[in-house]
Each structure stands twice: as C-alpha cells, then as structure tokens.
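Report on the structure given below.
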Amino acid sequence: MTVIAVIGSQWGDEGKGKAVDFLAEHADYVARFNGGNNAGHTVINEFGTFKIHLVPSGIFAQNTTGLIGGGVVIDPQVLLEEIEMLNKAGVNVNGRLWISPRSHIIMPYHKILDGLYEEAKGAGATGTTRRGIGPVFADKVSYNGIRWTDFTSDMFEKRLEVQLNLKNKIIVALGGEALSYEGIRAEYRGYYAKLKPYIRELFSIVQDGLKAGKNFLLEQAMGTFLDTDWGTYPFVTASTTIPSAASAGLGIPPKYIANVVGVTKAYTTRVGAGPLPTEILDFDSDVYKKFGEVAATTGRVRRVGWLDLEIVRTAAELSGMTEICLTKLDVLSGLEEIQVCVGYKLNGKEVRYADVDAYGLDKVELVYRRVKGWNEDISRTRTFEGLPANAQNYVKMIEEAAGIPVKWIGVGPEREATIRR
Ligand code: GDP
Ligand code: IMO
Ligand code: MG
C-alpha cells in the first residue's frame with residue numbers, strides 16, 4: 001500500500017493536475033481533500049484538454065475510483081457540469097466517483113458575500129476567485145453550514161430558512177438584493193436529486209482500502225503558501241493546504257501519509273493579491289512574456305516571478321516533502337541567464353520565510369544567484385542525461401536547496417512530456 005499526497009510547493013498552479021494525472025496510473029483511489037472550485041487543474045491526455053475544478057484529476061486512469069472528501073466544499077452546479085463534461089469525453093464516472101455527505105455546499109449567498117466583502121475591502125482585497133470559498137468555510141466552522149447529509153431529511157429546509165434570514169440581512173445592509181427561499185430550495189433539491197447516486201459515506205471505503213493495501217493518491221488544491229495558517233495571511237485561501245489537511249478532509253490517519261510529492265514550478269506564479277517576493281514587474285521584458293499564464297479558474301493573468309528557493313525549502317520542511325515533481329522547465333529555454341532567489345535578509349541578517357509576516361515579506365532583501373541558461377528546446381527530451389548541462393545544473397540546484405530528489409521533470413503540458421528519473 002502507498003499513500004501519496006501531491007501538493008503544490010508555491011502559491012498554487014504548480015501543475016498538480018498534470019502530476020496527479022500521470023501518477024494515477026498506479027492508484028486505486030484518487031482523492032480531493034481540501035478547497036473547492038477555486039481550484040483549476042489542467043490535464044492534457046488522450047481524452048483531451050481539461051480544466052478540472054472538483055473531480056480528482058486522476059479520474060482518467062481506468063482502474064481508479066475518485067473520492068471527494070468531507071474537507072472539500074462543493075458548488076453542485078459546477079460539479080454536475082464537470083461530471084457531464086467527463087462523461088461526454090468518454091470518461092464514465094458513474095460508479096467510480098464518491099462524494100462525502102459531510103462535504104459543505106456552496107450556496108448562492110456565499111458567492112454574493114464573497115464579492116461584497118471583496119468590494120468592501122477595496123484596495124486591501126484578497127483577490128479571491130469569488131466562488132464563495134471564504135464565506136462557506138466561515139459557515140462551516142461557525143456551525144452555520146449546509147451539508148449533503150442535511151438533504152436526507154427536512155434539515156436542509158430548516159437550516160436554509162435560518163441561514164437566509166441571517167444572510168439576507170447582511171446582503172441588504174451591504175447594498176445587495178435579498179434572495180428568495182423557495183427559488184433556492186427548489187434549485188438545490190434539484191441538484192441533490194442528480195448528485196444522490198454519487199453521495200456515499202467514505203469512512204469504510206477509506207478504512208477497508210487501507211486494510212486491503214490499496215494505493216491512494218491525495219490531490220491537494222491550492223498551494224502551500226495559500227494555507228490559512230502557514231501562507232501569507234490574510235492573502236491566503238480558507239482551507240488548510242498542507243498534507244495534514246488530508247487527514248481531516250478525507251479521514252486518513254496521518255501515519256499513512258508517508259510520501260509527499262511537492263509539485264514545483266521552475267519559476268513562480270501567483271493569482272490575486274499578496275506578496276510575491278521575486279515578482280517580475282517589467283511587463284515589457286521577454287522573461288515576463290515567457291512566464292506569462294492565464295488562470296485556469298478565473299481567466300485572470302497570473303503574476304510571475306523568478307524561482308524562490310526559500311519558498312520551496314520552507315514547503316519541503318513544512319509538508320515533509322519526500323520528492324519534487326518539477327514543472328515547466330521547458331519554459332526557461334532561451335534565457336541566457338536565470339535569476340534564482342536563494343534566501344532572504346532583513347537589516348543585513350539572514351531570515352527565513354516564517355520569520356516575517358505577509359507585509360514584512362515586501363520588505364525583505366532578496367539574495368539572488370545568477371545561473372547560466374540554455375538555448376535548446378527540451379520539450380522532446382525524455383531523459384535527464386538528454387538535458388543541456390545547464391538545465392541539469394538547475395535541477396541539481398533545486399535538489400540541493402530542498403534536500404530531496406527531483407523525481408519528475410515536466411518539459412511540456414501533456415502527460416507524456418515528462419522526464420522520469
Ligand atoms: P494546478 O492548479 O497546480 O493543477 O496547475 P494549473 O493547471 O492551474 O496551471 C499549470 C499550467 O502549466 C497549466 O496550463 C498546465 O497545462 C501547464 N503545465 C504543467 N506542467 C507543465 C510543463 O512541464 N511544461 C509546460 N510548458 N506547461 C506545463
Ligand atoms: P489551484 O488548485 C492559485 C487564490 C486566489 C486568491 C486567494 C483566495 O488551481 O492551484 P479564494 O477564492 O480561495 O478565497 O481566493 O487564493 N487561489 C488560488 N491561486 N491556484 C489556486 O488553486 C487557487 N485557489 C485560490 O487567487 O488569491
Ligand atoms: Mg490551477
């Protein structure tokens with residue numbers, strides 16, 4: 001039995017979807033355990049190109065069963081659309097996708113409140129995906145949430161009535177329009193009727209699987225530095241993203257999570273507000289254009305920066321990463337010189353990421369190393385030895401800084417564009 005957690009070691013969008021898709025080959029179960037449809041995971045394989053928000057990215061592997069744990073928050077409309085999209089692409093999920101009845105449901109008022117809070121904060125806004133993530137998790141921990149299990153009785157109606165009373169007062173006070181009870185009740189009863197065949201308690205599935213020695217692949221959403229506790233608070237997301245979240249969010253004891261693959265982009269990106277120490281702000285520069293990306297969920301332009309080894313090293317320590325899946329090395333091709341941040345200083349003294357808060361990170365002095373780049377197109381290279389010497393050195397530098405091996409190297413977005421070591 002193996003339990004492998006796949007996590008992002010930066011600010012999300014490291015390429016977790018692609019990594020989970022190719023690692024799922026040997027997985028019996030592939031599970032999401034945190035976040036919601038703020039995630040956008042890109043998968044490119046023989047079935048096509050997909051931007052997946054809720055269904056585990058390993059669902060394409062034929063012998064895999066997908067699990068959506070109780071730690072995930074669900075927008076039912078998005079999930080139903082995703083199931084339909086997969087079925088149309090020939091990936092039948094019926095009988096091989098199970099959703100925890102403990103998972104909390106994103107209601108229309110969560111999305112409205114997400115937007116209203118962002119607008120009220122003005123220049124201090126988080127830059128959320130406006131998918132209702134903060135408000136639904138706030139309701140979860142303040143005992144105001146609605147879960148799938150509530151639909152098995154009239155508890156849904158009772159809880160909705162109370163919540164609408166509360167939420168409408170806030171919405172109206174903030175200049176929004178009150179929501180109608182009956183419309184929402186009917187809409188969500190309709191979603192439940194369609195999703196009911198997929199809703200099933202996961203406790204026995206997980207426990208029996210562990211006893212039977214099955215292989216589990218745990219797919220994190222977001223990245224280490226969007227974690228509520230360890231990220232750049234308040235510029236974070238509303239769920240725990242480090243591997244320990246898989247324990248609560250899926251019901252898997254921590255002792256089983258022995259392998260943690262840290263997906264690491266060869267440079268850095270971030271969507272939304274908050275510090276990005278190595279950010280490149282010269283929008284006309286070639287390197288800015290090279291690193292440029294568009295967000296998979298919101299279509300926003302991702303902010304970009306050089307690789308920050310202090311960030312990767314911290315993620316490796318915090319999450320107990322056992323190996324790295326390096327992505328987008330191909331994008332660095334054609335740069336004469338590459339800059340890499342190897343550490344932070346404050347008032348001339350070395351500091352660690354954890355020593356400064358989100359606002360302090362804007363003030364740290366970055367210690368850069370300049371390394372030689374390479375010109376060759378590496379997108380067809382499939383062996384480490386086949387990489388240009390400077391690309392090999394770049395990989396070795398990351399291994400040395402993080403203290404763990406780089407086991408996979410991405411040289412293109414497609415599943416097969418991967419060097420396995
Ligand atoms: P996730 O949220 O961590 O799954 O990452 P996203 O899918 O949001 O963003 C990663 C982007 O990089 C997507 O467009 C992927 O198709 C792409 N990608 C992943 N790995 C590689 C790689 O090795 N090379 C290139 N060129 N693109 C990659
Ligand atoms: P994947 O799984 C990148 C960011 C948002 C915002 C902050 C809070 O694709 O890597 P939220 O909507 O969660 O309340 O927004 O978190 N964010 C992500 N950034 N990738 C993601 O997911 C993200 N999910 C949330 O941009 O800054
Ligand atoms: Mg993404």
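Bear in mind these aren't lab numbers, they're just calculated from the coordinates by the rules spelled out. Since we're looking at a predicted model, the values are computed, not measured. Here the Cβ positions follow ideal geometry from the backbone for every residue, glycine too, while neighbour counts run over all protein chains shown.
Applying the Karplus parametrisation 6.51 cos²θ - 1.76 cosθ + 1.60 with θ = phi - 60° to the phi angles of region 187-200, what ³J(HN,Hα) value in whole Hz is obtained for each residue in order, glycine and proline being reported as x?
Once θ is set to phi - 60°, the couplings for region 187-200 become 4, 6, 4, x, 4, 4, 4, 6, 8, 3, x, 9, 8, 7 Hz.
Provide the convex hull volume over Cα atoms per residue for region 96-136, in Å³. If you can, show how the numbers build up before the last one.
Numbers: hull volume 3.0 nm³, N = 41.
It is 73 Å³ per residue.
Around K111, under 15 Å between beta carbons, what's the net of Lys plus Arg minus Asp minus Glu among the other residues? Present the calculation step by step, with values, prior to reporting the outcome.
Details: positive: R130, R131, K167; negative: D75, D114, E118, E119, D139, E177, E187.
For residues surrounding K111, the net value is -4.
By how many nm would the segment from A193 to E385 lengthen if fully extended, with 0.36 nm per residue of separation less the alpha-carbon distance? Intermediate values should be presented prior to the final figure.
Numbers: separation 192, 0.36 × 192 = 69.12 nm, distance 5.41 nm.
Length gained between A193 and E385: 63.7 nm.
So for region 108-195, what percent of the C-alpha to C-alpha distances run longer than 20 Å?
Values: 1429 of 3828 pairs.
More than 20 Å apart: 37 percent of the Cα pairs in region 108-195.
Around D286, what is the net charge, scoring Lys/Arg as +1 and Asp/Glu as -1 over all other residues with Cβ under 15 Å from its Cβ? Intermediate results must be reported in sequence, preceding the final value.
Details: positive: K289, K290; negative: D282, D284, E336, E337.
Local net charge: -2.
May I ask you to evaluate 6.51 cos²θ - 1.76 cosθ + 1.60, the Karplus curve with θ = phi - 60°, for each residue of region 241-247 and list the ³J(HN,Hα) values in order in whole Hz, giving x for glycine and proline?
Per residue, the Karplus-derived 3J(HN,Hα) values read 10, 6, x, 4, 4, 5, 5 Hz.
What's the center-to-center distance, using Cα atoms, between region 49-89 and region 298-367 in Å?
Comparing the Cα centres of region 49-89 and region 298-367, I get a distance of 31 Å.
Would you kindly calculate the translational diffusion coefficient of region 262-420, applying Stokes-Einstein with the Kirkwood radius from alpha carbon pairs, for 4 °C and a viscosity of 1.567 mPa s, and quote it in µm² s⁻¹ without decimals? Mind dumping the intermediate values first?
Details: Rh = 16.3 Å.
In µm²/s, the coefficient rounds to 79.
If I histogram all Cα-Cα distances within region 336-421 using bins 5 Å wide from 0, what percent of pairs lands in each bin?
P(r) over region 336-421, rounded to whole percents: 3, 12, 18, 17, 16, 12, 11, 9, 2, 0.
Report the dimensions of region 317-374 along its three principal axes from the alpha-carbon atoms, largest first, rounded to Å.
Principal-axis extents of the Cα atoms in region 317-374, largest first: 35, 28, 17 Å.
Go ahead and collect, in residue order, the members of region 230-271 whose backbone nitrogen is under 17 Å from a label point 7 Å along the Cα-Cβ direction of L346.
230-235
Return the tail of the calculated pair distribution for the chain, meaning the percent of Cα-Cα pairs more than 39 Å apart. Don't skip to the end; give the middle numbers.
On the way: 16750 of 88410 pairs.
For the chain, the fraction of Cα-Cα distances above 39 Å is 19 percent.
Taking only the alpha-carbon atoms of region 221-355, what semi-axes of the equivalent ellipsoid follow from 5 times the gyration tensor eigenvalues under a square root, in whole Å, largest first? Let's see the in-between values first.
Numbers: eigenvalues 140, 63, 50 Å².
Gyration-tensor ellipsoid for region 221-355: 26, 18, 16 Å.
With θ set to phi - 60°, apply the Karplus curve 6.51 cos²θ - 1.76 cosθ + 1.60 along region 32-49 and write out the HN-Hα couplings as whole Hz, x wherever there is a Gly or Pro.
Calculated HN-Hα couplings, in order: 9, 10, 9, x, x, 8, 6, 6, x, 10, 8, 10, 10, 8, 5, 8, x, 10 Hz.
Ranking request for peptides 302-309, 345-352: highest mean number of other beta-carbon atoms within 10 Å first, then the rest in descending order.
Ranking, from highest mean packing down: 302-309, 345-352.
Ordered by packing density, taken as the mean number of other Cβ atoms within 10 Å over each peptide's residues, highest first, how do 74-86, 49-61, 313-325 rank? If you can, show how the numbers build up before the last one.
On the way: 74-86: 18.8, 49-61: 23.5, 313-325: 21.6.
Per-residue Cβ counts within 10 Å, averaged per peptide and sorted highest first, yield 49-61, 313-325, 74-86.
Under a Cβ-only charge scheme (Lys and Arg +1, Asp and Glu -1), can you give me the dipole magnitude of the chain about the Cα centre, in debye to the nearest 20?
640 debye
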